[in-house]
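These notes concern the structure reproduced below.
The values are calculated or read from the model by the stated rules, or taken from the named source; none is laboratory data. Not measured: the values here are computed from a predicted model. So basically every Cβ, Gly included, is an ideal-geometry build from the backbone, and we count neighbours across all protein chains shown.
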Ligand code: GDP
Ligand code: IMO
Ligand code: MG
């Protein structure tokens with residue numbers, strides 16, 4: 001078993017943290033390949049709850065080496081406080097490896113994120129305000145700061161100068177803000193150098209050698225397919241590639257090494273921030289999903305928008321990621337509804353459409369076509385096998401599988417590690 005990818009099949013917060021942690025005990029490496037501390041991955045182990053932002057969820061499994069790949073953007077202060085928070089709780093973080101090629105979220109990237117959103121006004125994306133977009137923009141514009149730059153003060157200074165040159169013009173002349181001083185940024189960044197040094201590594205080499213030695217590598221996506229910069233609901237997306245291809249570019253591991261791609265799929269749909277969401281509910285059902293599902297952002301504390309399951313999106317995720325399996329989460333949240341509507345297609349300008357339209361305008365006009373599936377009232381949180389589920393819950397899962405285009409290999413019936421029904425083994 002070489003490498004597996006685990007990623008969000010919707011708009012994020014599908015339960016990637018829980019699924020990764022579940023596999024963490026059986027794999028050798030868990031690798032984040034994109035995004036940054038915009039992510040909020042929850043892991044519940046016994047009575048302990050962890051919220052991870054930058055660290056791969058494998059950090060909670062003692063035998064596993066957590067890796068922050070080159071495709072991730074790293075805010076060093078967030079990373080260090082996440083590490084010390086875990087250390088205080090007795091978690092050993094000494095195995096962590098960070099790619100020297102990963103880009104650093106600088107304080108000015110955070111400023112630019114917030115200022116840009118403010119100036120977009122009604123048209124804002126609703127970002128997490130963590131500097132993600134501006135840091136990736138600097139990377140693409142070739143004025144980014146990388147982790148390795150912390151170890152050459154002269155280069156670091158030149159790079160910060162280059163990055164601030166235009167930004168200070170924009171900040172002062174367009175946004176009416178104060179200019180950011182190069183030496184202040186450089187001296188702050190240098191304070192992180194020694195603290196991060198023990199973790200910095202050539203992660204491309206480490207991961208490829210591990211695969212040569214038959215070790216198992218799990219890639220943990222941040223965000224989700226519909227937030228992908230290329231394949232998501234642009235411009236209401238994040239600035240990286242959570243989709244399966246991102247695991248290769250964000251780690252330096254080739255696609256021939258990946259044998260399985262697991263889509264984490266919530267039994268209903270949620271979204272944080274702005275952008276189209278065809279099955280969004282504004283009624284009591286939406287409020288109930290939010291309340292029962294605890295749908296509040298792990299990173300920003302914002303209420304998540306909630307709606308019914310959307311099979312058009314699930315099919316799309318299967319296609320753009322080449323999914324081999326789904327891990328269906330939060331089935332327990334749907335207990336108690338007499339009927340559960342599932343969106344099977346869209347109606348766009350009077351026409352029935354089975355697949356996600358490529359045109360943004362069409363997607364904004366998409367109205368869900370629902371099929372009602374019978375619900376169940378029995379508590380399913382103790383179910384250990386598929387046969388333990390009530391007949392209607394089994395039928396709901398089978399219907400979703402049929403519509404979504406890949407087998408559902410595991411089902412979450414609660415937030416804990418053991419609150420999972422495993423149908424097909426992932427390893
Ligand atoms: P991630 O960003 O994809 O890792 O997901 P989040 O952690 O942001 O949000 C998922 C939430 O659902 C967390 O609070 C998890 O503890 C919780 N969760 C995950 N799987 C299940 C499940 O099967 N049932 C229930 N009730 N909660 C779950
Ligand atoms: P996890 O990994 C849900 C959303 C933001 C915003 C858009 C762009 O926990 O699933 P950004 O700060 O990335 O530039 O914001 O993306 N977003 C997420 N939504 N879960 C996440 O991560 C998200 N990370 C970013 O709300 O709409
Ligand atoms: Mg999350």
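Being in contact with a helix residue (DSSP H, G or I) (Cβ under 7 Å, 6 or more places away or on another chain), in contact (Cβ under 8 Å) with a residue 24 or more places away in the chain and over 24 Å from residue 196 (Cα atoms) is true for just one of 43, 30, 67, 74. Which residue is that? Before the answer, list the steps.
Numbers: 30 fails: over 24 Å from residue 196 (Cα atoms); 67 fails: over 24 Å from residue 196 (Cα atoms); 74 fails: over 24 Å from residue 196 (Cα atoms).
Step by step, each of 43, 30, 67, 74 is checked, and only 43 is in contact with a helix residue (DSSP H, G or I) (Cβ under 7 Å, 6 or more places away or on another chain), in contact (Cβ under 8 Å) with a residue 24 or more places away in the chain and over 24 Å from residue 196 (Cα atoms).
Where residues in the range 57-93 are part of a loop (DSSP other than H, G, I, E, B) and touching a strand residue (DSSP E or B) at 6+ places or on another chain (Cβ under 6 Å), which of them is surrounded by the most Cβ atoms within 10 Å (Cβ to Cβ)?
Of the residues in the range 57-93, the ones part of a loop (DSSP other than H, G, I, E, B) are 61-64, 69-72, 75, 89-93.
Keeping just the survivors that are touching a strand residue (DSSP E or B) at 6+ places or on another chain (Cβ under 6 Å) gives 64, 69-70, 72.
Values: 64: 24, 69: 27, 70: 22, 72: 29.
Filtering first and then ranking leaves 72.
Identify the residue in the range 28-52 that is more than 10 Å from ligand 1 (Cβ to nearest atom) and surrounded by fewer than 24 Cβ atoms within 10 Å (Cβ to Cβ) and, among all such residues, is modelled with the highest pLDDT.
Only one residue fits best here, namely 28.
Restricting the range 180-213 to residues that are without any contact (Cβ under 8 Å) to a residue 12 or more places away in the chain and not in a helix (DSSP H, G or I), which is farthest from residue 94 (Cα to Cα)?
Looking at residues that are without any contact (Cβ under 8 Å) to a residue 12 or more places away in the chain and not in a helix (DSSP H, G or I), I get 181.
Taking the residues in the range 293-309 that are outside any loop (DSSP other than H, G, I, E, B) and out of contact with any helix residue (DSSP H, G or I) (no Cβ under 7 Å at 6 or more places or on another chain) as candidates, determine which candidate is farthest from ligand 1 (Cβ to nearest atom).
To start, the set of residues in the range 293-309 that are outside any loop (DSSP other than H, G, I, E, B) comprises 293, 296, 303, 305-307, 309.
Okay, now just the ones that are also out of contact with any helix residue (DSSP H, G or I) (no Cβ under 7 Å at 6 or more places or on another chain), so 296, 305.
Working: 296: 9, 305: 14 Å.
Per the criteria, the residue is 305.
Need the failing condition index for residue 293 against (1) under 19 Å from the mean Cα position of the chain (by Cα); (2) surrounded by fewer than 16 Cβ atoms within 10 Å (Cβ to Cβ), just the number.
That leaves (2) as the condition not met.
This table checks each residue for (1) within 13 Å of ligand 1 (Cβ to nearest atom); (2) surrounded by 14 or more Cβ atoms within 10 Å (Cβ to Cβ).
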{"residue": "376", "(1), (2)": "no, yes"}
{"residue": "379", "(1), (2)": "yes, no"}
{"residue": "385", "(1), (2)": "no, no"}
{"residue": "391", "(1), (2)": "no, no"}
{"residue": "400", "(1), (2)": "no, yes"}
{"residue": "406", "(1), (2)": "no, yes"}
{"residue": "409", "(1), (2)": "no, yes"}
{"residue": "413", "(1), (2)": "yes, yes"}
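Under 8 Å between Cβ atoms, at least 6 apart or on separate chains: pull out the pairs that start in the range 116-129 with a residue that is more than 17 Å from residue 227 (Cβ to Cβ) and end on any residue that is crowded, with 16+ Cβ neighbours inside 10 Å.
Sorted first by the residue in the range 116-129, then by its partner, the pairs are 116/133; 116/134.
How many residues are more than 10 Å from ligand 3 (Cβ to nearest atom) and closer than 12 Å to residue 410 by Cβ if we restrict to the range 7-19?
Counting residues in the range 7-19 that are more than 10 Å from ligand 3 (Cβ to nearest atom) and closer than 12 Å to residue 410 by Cβ gives 2.
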